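The values are calculated or read from the model by the stated rules, or taken from the named source; none is laboratory data. This is a predicted model, so every value here is computed, not measured. Cβ: placed from backbone, ideal geometry, glycine included. Neighbour counts: every protein chain shown.
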Amino acid sequence: MEPYPTGDPRLPHHCYPPKKLTPDELTKRTGTSYYKLDLDDPVASARRIAVMKLERNFKREDTFTLDAVSTMDFEEKLTELFEEIECSDDQARLITEGAAYFDVEGSNGDWIRVLCEYGDLIIIPAGRPHRMTTTSKNFVKIRRFFKDESD
C-alpha cells in the first residue's frame, strides 16, 4: 500500500509499481492468515470453517452487511471502520458477498492492503493494528467470528 494514502480509502492505493504478496509472505510480515474457500462447495467450506473455529477457539459468529443503499449512516460507518484498531483477540472475517479492503500493519510499520472478495477468509492476529473499508462498489457482506459469547 502507498505509504501516505490520501483521498477516498475505497480506492486501491497501491504503491507503484504494485507489489503482490503470497499468503505465506503476508503471514511472515503481519501474522495474518489468508485462505480462499470454495463457498460453492458447502461441505468443504463448512469443514474448513469448523476446523478454524476449533483451532482459534471461536465460539460466536454473526453476519455484517455494509451497503451504501441500505446501511444507515453508511459514510459514518465507513469512517469508523477505517480507524486503525488493535483487538485483544484474533479477528476472522469471511467475505460471502461483495468485496472489502483490509489494511494490516506490517512488522516494519508499513501498511499492507489485502483485497478480500467472495470466499476469502482473513484472520488478523490479536494485537495487530488493522482497519477495513469497502471497495468503490460500496457493498460487502462479511461473516465475522468471535472468541467470546458477548462481543
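Identify, please: which residue in region 92-108 is touching a Phe, Trp or Tyr at 6+ places or on another chain (Cβ under 8 Å) and hydrophobic (A, V, I, L, M, F, W, C) and is, among those, farthest from THR134 (Cα to Cα)? Break it down into steps so the answer makes sense when it comes.
Looking only at region 92-108, we keep the residues that are touching a Phe, Trp or Tyr at 6+ places or on another chain (Cβ under 8 Å), and these are 92-99, 103-105.
Within this subset, residues satisfying the condition of being hydrophobic (A, V, I, L, M, F, W, C) are 92, 94-95, 99, 104.
On the way: ALA92: 16, LEU94: 14, ILE95: 11, ALA99: 6, VAL104: 15 Å.
Filtering first and then ranking leaves ALA92.
Just give me the residues in region 73-83 being modelled with pLDDT under 90 and part of a loop (DSSP other than H, G, I, E, B), in sequence order.
Once the filter is applied, which keeps residues that are modelled with pLDDT under 90 and part of a loop (DSSP other than H, G, I, E, B), region 73-83 yields PHE82, GLU83.
Just the residues that are in contact (Cβ under 8 Å) with a residue 40 or more places away in the chain, more than 21 Å from ASP41 (Cα to Cα) and surrounded by fewer than 20 Cβ atoms within 10 Å (Cβ to Cβ), please, taken from region 127-149.
First, pick out the residues of region 127-149 that are in contact (Cβ under 8 Å) with a residue 40 or more places away in the chain: 127-136, 138-149.
In the following step, the residues that additionally are more than 21 Å from ASP41 (Cα to Cα) were identified as 127-136, 138-139, 146-149.
Of everything in region 127-149, those that are in contact (Cβ under 8 Å) with a residue 40 or more places away in the chain, more than 21 Å from ASP41 (Cα to Cα) and surrounded by fewer than 20 Cβ atoms within 10 Å (Cβ to Cβ) turn out to be GLY127, ARG128, PRO129, ARG131, THR135, SER136, ASN138, PHE139, PHE146, LYS147, ASP148, GLU149.
Among (1) over 19 Å from HIS130 (Cα atoms); (2) in a loop (DSSP other than H, G, I, E, B), where does ASP89 come up short?
Tallying (1) over 19 Å from HIS130 (Cα atoms); (2) in a loop (DSSP other than H, G, I, E, B), ASP89 fails exactly one: (1).
Out of curiosity, is ALA100 closer than 21 Å to ILE49 by Cβ and either modelled with pLDDT of 95 or more or part of a strand (DSSP E or B) (or both)?
Values: closer than 21 Å to ILE49 by Cβ: yes; either modelled with pLDDT of 95 or more or part of a strand (DSSP E or B) (or both): yes.
So ALA100 passes the test.
Let me confirm something: among LEU26, LEU37, which residue is touching a Ser or Thr at 6+ places or on another chain (Cβ under 6 Å), surrounded by 12 or more Cβ atoms within 10 Å (Cβ to Cβ) and at pLDDT 95 or above?
Details: LEU26 fails: at pLDDT 95 or above.
Every option except LEU37 fails the conditions.
Within region 17-65, which residues are over 19 Å from ASN108 (Cα atoms), outside any helix (DSSP H, G or I) and among the hydroxyl-bearing types (Ser, Thr, Tyr)? Explain how you work it out, then say what you get.
Filtering region 17-65 down to residues over 19 Å from ASN108 (Cα atoms) leaves 17, 34-65.
After this cut, where a residue has to be outside any helix (DSSP H, G or I) as well, the list is 17, 34-41, 57-65.
If the condition is that a residue be over 19 Å from ASN108 (Cα atoms), outside any helix (DSSP H, G or I) and among the hydroxyl-bearing types (Ser, Thr, Tyr), then TYR34, TYR35, THR63, THR65 are the ones that fit.
Could you list all residues from region 45-76 that are more than 17 Å from ILE123 (Cβ to Cβ), in contact (Cβ under 8 Å) with a residue 24 or more places away in the chain and acidic (Asp, Glu)?
Within region 45-76, ASP67 is the sole residue that qualifies.
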